[in-house]
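Report on one structure; see the data block that follows.
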Amino acid sequence: QQQVKQSPQSLIVQKGGIPIINCAYENTAFDYFPWYQQFPGKGPALLIAIRPDVSEKKEGRFTISFNKSAKQFSLHIMDSQPGDSATYFCAASSGGSARQLTFGSGTQLTVLP
Amino acid sequence: GAGVSQTPSNKVTEKGKYVELRCDPISGHTALYWYRQSLGQGPEFLIYFQGTGAADDSGLPNDRFFAVRPEGSVSTLKIQRTERGDSAVYLCASSLSAGSTGELFFGEGSRLTVL
């Protein structure tokens with residue numbers, strides 16, 4: 001019940017495309033859903049996060065869509081660039097904080113020039 | 001430095017040896033977290049501290065793993081009798097406070113290889 005399932009495992013898009021990464025969860029106590037970006041040899045860095053009281057949040061080229069009834073959320077990257085090539089992780093936690101994050105297994109995104 | 005600092009960046013040890021991994025959080029951050037990331041996987045929660053005390057150590061896999069933060073700043077993750085399955089990148093993160101949605105800032109990790 002603590003798992004967060006992420007798909008796809010890898011994704012290749014052309015520059016300017018809109019990659020979409022999906023996550024699903026079971027634990028209805030989860031109430032904080034961040035996305036992290038990780039480059040090789042680096043630690044994860046927070047991209048954007050959402051709470052279940054809104055269905056969409058946008059920050060720059062990154063958008064989270066959230067479907068509470070389906071227990072699913074997704075990351076969309078608009079106008080993707082080669083510099084966006086990285087591994088993306090969704091995560092979830094409860095108690096309204098980022099104290100104990102449960103991460104998905106990651107999506108390796110490649111944006112071709 | 002401005003970010004979370006972890007040392008060593010790489011550690012190779014033999015099965016059965018004792019290992020210590022150090023984390024120096026961002027100045028002023030009261031919450032500190034340890035995660036473990038195996039190859040091709042997402043980080044897995046181990047333990048977090050609010051101040052000097054371990055507020056939640058439910059992610060530690062067994063009693064070979066222990067972490068301390070004696071003065072509420074630097075933390076050390078200690079692994080006794082290392083096993084090959086302990087090989088992973090150990091990530092440390094800090095945040096202003098554990099009770100909020102304050103952003104977690106991760107270090108670059110300590111890569112542990114147990115031969």
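For this structure, a couple of remarks:
- Filter result for residue B:67 (at pLDDT below 95, away from chain A (no Cβ under 11 Å), open to solvent by less than 60 Å² (accessible area, probe 1.4 Å) and part of a strand (DSSP E or B)): no
- The set of residues from the stretch A:8-35 being farther than 18 Å from residue A:80 by Cα and in a strand (DSSP E or B) comprises A:23, A:24, A:25, A:30, A:31, A:32, A:33, A:34.
- Qualifying residue in the stretch B:90-99 (condition: more than 19 Å from residue A:46 (Cβ to Cβ), surrounded by 15 or more Cβ atoms within 10 Å (Cβ to Cβ) and under 10 Å from the mean Cα position of the chain (by Cα)): yes
- Top-ranked residue of the stretch A:85-104 - restricted to ones that are open to solvent by 10 Å² or more (accessible area, probe 1.4 Å) and touching a residue at least 60 places away in the same chain (Cβ under 8 Å), ranked as farthest from the other protein chains (Cβ to nearest Cβ): A:94
- Among the residues making up the stretch B:13-44, those that are more than 11 Å from every other protein chain (Cβ to nearest Cβ), polar (S, T, N, Q) and either free of Cβ contacts under 8 Å to residues at least 60 places away in the same chain or open to solvent by less than 50 Å² (accessible area, probe 1.4 Å) (or both) are B:13, B:27.
- In the stretch A:69-82 there is no residue that is modelled with pLDDT of 95 or more, within 13 Å of chain B (Cβ to nearest Cβ), open to solvent by 40 Å² or more (accessible area, probe 1.4 Å) and assigned to a loop (DSSP other than H, G, I, E, B).
- Test: residue B:104 is at pLDDT below 90, in contact with a Pro (Cβ under 9 Å, 6 or more places away or on another chain) and surrounded by 14 or more Cβ atoms within 10 Å (Cβ to Cβ): yes
The values are calculated or read from the model by the stated rules, or taken from the named source; none is laboratory data. In this text the structure is predicted, and so the values were computed from the model without any measurement. Here Cβ is always computed from backbone atoms with ideal geometry, including for glycine, and neighbour counts include all displayed protein chains. What goes into the accessible areas is simple: the full protein's heavy atoms, side chains included, and nothing from ligands, DNA or RNA. Shrake-Rupley method; radii C 1.70, N 1.55, O 1.52, S 1.80 Å.
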